[in-house]
Amino acid sequence: MKKNELLRSLPSVDELLKLDEIVQLQSRCARTTVVGWIREAISEQRNHILAAANLTDQQSDAQANTCREIVERVLAEADVDQGQSVQAVINATGILLHTNLGRAPLAQRAIDRVRQAAGFTNVELNLSSGRRDKRGRRVMDLLSRLTGADDALVVNNCAAATMLVLRGIAFGKEVVISRGQLVEIGGGFRLPNVFESAGVVLREVGTTNRTYVRDYESVISENTGAILRVHHSNFRLTGFVTEPSIDDLLACQRPPGLPVIDDVGSGCVCDLSEYGFAEPDVRQSVAAGADLVLFSGDKLFGGPQAGIIVGKQDWIDRLRKDPMMRAIRVDKMTLAALEATTEIHLEEKTWSDIPLYKMLSRSLEDLRSMADEVRNQLTGPGADAGFQVDVVASQSQIGGGSVPGVEVPSVAVVLKGHDLDAVAQRLRTGQTSVQARLSQDAIWLDMRSVADNEVIALSQSVVAALAPVQ
Ligand SMILES: *Cc1c(COP(=O)(O)O)cnc(C)c1O
């Protein structure tokens with residue numbers, strides 16, 4: 001066949017749309033999307049023909065399958081698209097706050113509240129007076145009550161909170177920070193860049209490992225707008241290290257009214273010492289007298305993605321009026337989830353009602369019986385397909401850029417056999433998606449991050465991934 005003939009033999013979009021597989025595809029994907037994929041596939045095929053210098057007989061034969069190839073290409077696009085959709089995933093990685101898996105799973109109470117808020121809701125209306133009210137007023141009240149602060153603000157995430165606070169409090173001025181705290185939080189969020197974007201001047205003091213209160217005192221001048229302390233959440237400094245505590249910083253010699261801002265990051269409001277974690281407690285910073293304390297909603301607070309700012313009334317009032325605040329405020333569903341999560345902490349039901357804490361506090365015996373249950377479901381198909389299935393001791397982590405280096409004992413189901421990458425891919429793309437951990441030439445399904453009510457779905461997914469229907 002000549003090139004021209006081949007080009008003329010390319011099917012039209014309309015012809016392709018009538019093929020059974022493409023008709024079926026349109027029941028789950030928008031027609032315009034499918035048409036887009038078809039156009040791209042045809043155009044690629046056309047370029048392919050044009051690029052071939054001399055068509056050999058073999059290539060020419062292959063062109064008879066043009067239609068088939070285009071359909072395959074379109075179906076592959078649909079698969080990729082499907083894989084990108086936001087859907088439920090069983091987290092069997094053993095990393096409890098997994099950033100790629102949406103960090104903290106919400107408490108049931110928070111999920112129920114999100115559902116209610118999804119329709120019309122009184123987010124800015126006082127039902128008792130019938131008047132317009134401060135947006136999400138009760139959430140701010142609950143957060144103040146929980147942390148002991150005068151007032152609170154909620155923005156999109158803690159990164160946004162840092163921006164808002166630096167800009168709103170110290171625009172055009174110097175902000176003093178220890179060289180040991182000039183961190184990158186993740187996803188390229190680096191404090192020196194944040195300072196620049198926020199329009200404040202970075203005034204670094206001390207050294208990477210040692211900074212003293214006198215270092216701060218020696219640079220404070222009329223140009224100073226604030227002192228910032230940032231918790232190094234995702235790494236640990238050990239050895240020859242000195243860093244002033246928040247109490248030390250608050251006691252430093254400074255002009256009256258110069259604010260001390262504490263970015264504590266993970267938002268811990270309960271005692272984790274029994275697990276060997278020394279995370280800064282939000283309430284301690286507030287009690288110490290920090291002017292503003294910032295933390296994430298979806299790390300150790302166990303709620304939705306949010307940046308929470310609590311602190312002294314004057315500063316919060318000032319930030320509330322900042323135009324930037326309007327740009328980074330949260331939606332009604334986030335407020336609803338945060339309200340429910342804060343209620344749980346206030347009622348001291350953290351350990352029983354917040355999934356993160358339920359997962360963290362489960363006994364090894366419970367985890368072992370979950371793992372045994374999974375293994376029992378697998379032994380048949382796993383063995384048939386030539387896989388070895390074992391229940392072994394494992395180590396889980398908190399993750400989410402918090403509490404680095406601390407491991408929590410756990411139990412895992414370990415699968416050994418052939419084509420593990422393909423098995424892991426089938427686990428991710430199956431009926432119920434499962435994210436496992438690949439390590440030491442095996443697939444690890446760590447039970448600490450799996451909820452009790454996910455065991456059956458997890459087992460089914462693993463059965464299907466080990467013995468795929470051909
Ligand atoms: C995680 C973290 C942030 C960023 O929080 P996001 O809610 O992820 O934006 C900021 N500061 C500290 C100290 C953190 O640990």
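Observations, loosely collected:
- Each Lys or Arg adds one and each Asp or Glu takes one away; over the other residues whose Cβ falls under 15 Å from the Cβ of residue 296, this sums to -3.
- Taking the accessible area of the chain, probe 1.4 Å, and keeping the other protein chains in place, the carbon and sulfur fraction comes to 47%.
- Accessible area in square angstrom per residue, the chain, 1.4 angstrom probe: 49
- Prolate/oblate/rounded label for region 306-345 (Cα gyration tensor, a/c 1.5): oblate
- 3J(HN,Hα) along region 419-430: 6, 5, 4, 5, 4, 4, 5, 5, 4, 5, 9, x Hz, from the Karplus curve 6.51 cos²θ - 1.76 cosθ + 1.60 with θ = phi - 60°, whole Hz, x for Gly and Pro.
- Stokes-Einstein translational diffusion, region 99-150 - Kirkwood Rh over all Cα pairs, 1.306 mPa s, 10 °C, in µm²/s: 120
- Paramagnetic label reach from residue 30 (point 7 Å along Cα→Cβ; backbone nitrogen cut-off under 12 Å): within region 72-99, no residues.
- Working from Cα pairs under 8 Å separated by at least six residues, relative contact order for region 104-171 is 14 percent.
- Cut-off 13 Å between beta-carbons: net charge of the residues surrounding residue 111, Lys and Arg +1, Asp and Glu -1: 0
- Sorting the segments 91-99, 402-410 by their mean number of nearby beta carbons within 10 angstrom, highest to lowest, gives 91-99, 402-410.
- Local electrostatic count, residue 206, Cβ distance below 10 Å [Lys/Arg +1, Asp/Glu -1]: 0
- In this simple spin-label approximation, residue 453 and residue 369 carry label points 7 Å from Cα along the Cα→Cβ vector, and these lie 1.9 nm apart.
- Per residue convex hull volume, Cα atoms of region 119-262, in Å³: 159
- Relative contact order, percent, the chain [alpha-carbon distance under 8 Å, six or more residues apart]: 19
- Rg to Rh, two decimals, where region 365-470 supplies the alpha carbon set and Rh follows Kirkwood: 0.96
- Compactness index (Cα Rg / 2.2 N^0.38 Å), the chain: 1.22
- MRE, 222 nm, helices only [DSSP H, n ≥ 4, -39500 (n - 2.57), over the chain, to nearest 500]: -13000 deg cm²/dmol
- Computed from the C-beta positions of residue 210 and residue 258 and an R0 of 22 Å, the FRET efficiency is 0.45 to the nearest 0.05.
- Cα-based Lys pair tally, the chain, threshold under 24 Å, eight or more apart or on separate chains: 13
- Compared with the dominant Cα axis of the chain, that is its longest principal axis, helix 137-147 is turned about 60°.
- Once the Cβ-Cβ distance of residue 75 and residue 8 is raised to the sixth power relative to R0 = 25 Å, the FRET efficiency obtained is 0.50.
The values are calculated or read from the model by the stated rules, or taken from the named source; none is laboratory data. Worth saying up front: this structure is predicted, and the values here are computed from it rather than measured. When we count neighbours, we look across all protein chains shown, and the Cβ atoms used for this are built from the backbone with ideal geometry, even at glycine. Quick note on the areas: whole protein, heavy atoms, side chains included, nothing else; ligands and nucleic acids left out. Shrake-Rupley method; radii C 1.70, N 1.55, O 1.52, S 1.80 Å.
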